[in-house]
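Structure first, then comments.
The values are calculated or read from the model by the stated rules, or taken from the named source; none is laboratory data. All figures in this text were calculated on a predicted structure; none of them were measured in a lab. Cβ: placed from backbone, ideal geometry, glycine included. Neighbour counts: every protein chain shown.
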Amino acid sequence: MNYLRTRPFVGTYQPFSGMLEHFLGNMEQIQGRDDMPGNLPRVNITEQSEGYKLELQAPGYAKEELKLNVKEDVLTISAEQEQQDEQESERFTRREFAKRSFIRSFRLPDLVDADGIKAEHLNGVLTVSIPKKAEVKPAVKEISIG
């Protein structure tokens with residue numbers, strides 16, 4: 001019996017990849033990608049004169065699966081979707097459906113009225129309207145000189 005000694009496969013040797021990344025920076029951003037995890041839904045936030053509008057992509061989630069709450073000036077949007085019940089009569093060759101969930105949090109500015117926040121879910125997009133507080137003008141008190 002012969003004993004053959006082998007080295008484990010380490011991968012291909014790429015001497016210039018580190019140098020290119022050093023000179024060009026993060027290649028993901030140059031190629032139009034970012035470092036946000038793929039399972040987090042994308043968000044657009046716009047400021048309007050009466051408040052802020054937050055649009056969150058949530059395709060495949062029902063209105064009942066989405067949860068919003070505000071605690072200590074932090075708006076949290078989360079969702080959890082369970083795997084559907086399996087039927088004993090079906091035999092899967094491959095099964096990739098599973099539980100999906102996400103959580104996104106946003107710090108609200110001081111000028112926001114947290115009690116007036118409203119949300120609407122339509123065509124896979126959750127739209128959250130965040131109104132600004134009405135400006136409170138300081139009361140002017142005139143003092144008579146005696």
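When only residues in region 39-51 that are part of a loop (DSSP other than H, G, I, E, B) and more than 14 Å from the chain's Cα centre (by Cα) count, which is nearest to Asn123 (Cα to Cα)? So the residue we want is Gln48.
Within region 52-85, restricting attention to residues that are farther than 23 Å from Gly116 by Cα and outside any loop (DSSP other than H, G, I, E, B), the residue that is modelled with the highest pLDDT is Glu80. Look at region 69-95: where a residue is over 23 Å from Leu108 (Cα atoms) and a partner is surrounded by 10 or more Cβ atoms within 10 Å (Cβ to Cβ) and modelled with pLDDT of 85 or more, sitting 6+ places away or on another chain with Cβ atoms under 6 Å, you get Glu80/Ser101; Gln81/Glu65.
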